[in-house]
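Shown next, in structure tokens, is the structure this report addresses.
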Amino acid sequence: MTATCRREFKNAHGTCHIDSISQNSDGQTFISTDALKVNLWDIECGSETFNIINIKPDNLADLTEVITSANFHPTNCHTLTYSTSLGAIRLCDMRESALQTNHAKGTQLGV
């Protein structure tokens, strides 16, 4: 058996490294995460992505935390969580808004 590339999903993260990928339970979409944003992809359309979380400040000197990981809920296709370098875990509901500027629930872990 050999691996073959069937589709490429390019240029949404620029020069940033992708930290995590999570497939949605709908079987149609997935998210990819770098230090500053979370992008939503459709499996059938690799040329277009939607930025759903963006924590990049206007001035990078004001950056206090970065995104470390993000995951979809295993059965609720509209719900996802992401964690940050400050130990925060945030729950987001995509039914509220396409752009997740406010998380639905958050918790701060002791670091």
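The values are calculated or read from the model by the stated rules, or taken from the named source; none is laboratory data. Predicted model only: the values in this text are computed from it and were never measured. Ideal geometry is used to build each Cβ from the backbone, glycine not excepted, and the neighbour counts take in all protein chains shown. Protein only, heavy atoms only, side chains kept; ligands, DNA and RNA dropped before computing areas. Shrake-Rupley method; radii C 1.70, N 1.55, O 1.52, S 1.80 Å.
If I compute solvent accessible area with a 1.4 Å probe over the protein chains, what percent of it on the chain is carbon and sulfur?
After summing per-atom areas, the C and S share lands at 51 percent.
Suppose every Lys and Arg Cβ carries +1 and every Asp and Glu Cβ carries -1, with no other charges. What dipole size does the chain come out with about its Cα centre, to the nearest 20 debye?
Numbers: 8 positive and 12 negative charges, 31 e Å.
In total the dipole reaches around 160 debye.
In percent, what relative contact order does segment 1-79 have, based on Cα pairs under 8 Å that are 6 or more apart in sequence? The partial results should precede the final answer.
Working: 129 pairs, mean separation 23.1, N = 79.
Relative contact order, segment 1-79: 29 percent.
In whole angstrom, how long is each semi-axis of the equivalent ellipsoid of the chain, when you take the square root of 5 times every eigenvalue of its Cα gyration tensor and sort them from largest down? If you can, show how the numbers build up before the last one.
On the way: eigenvalues 112, 61, 37 Å².
Semi-axes, largest first: 24, 17, 14 Å.
Under a 1.4 Å probe, what is the accessible area of the chain per residue, stated in Å²?
On the way: 7290 Å² over 111 residues.
Counting only protein heavy atoms, the per-residue value for the chain is 66 Å².
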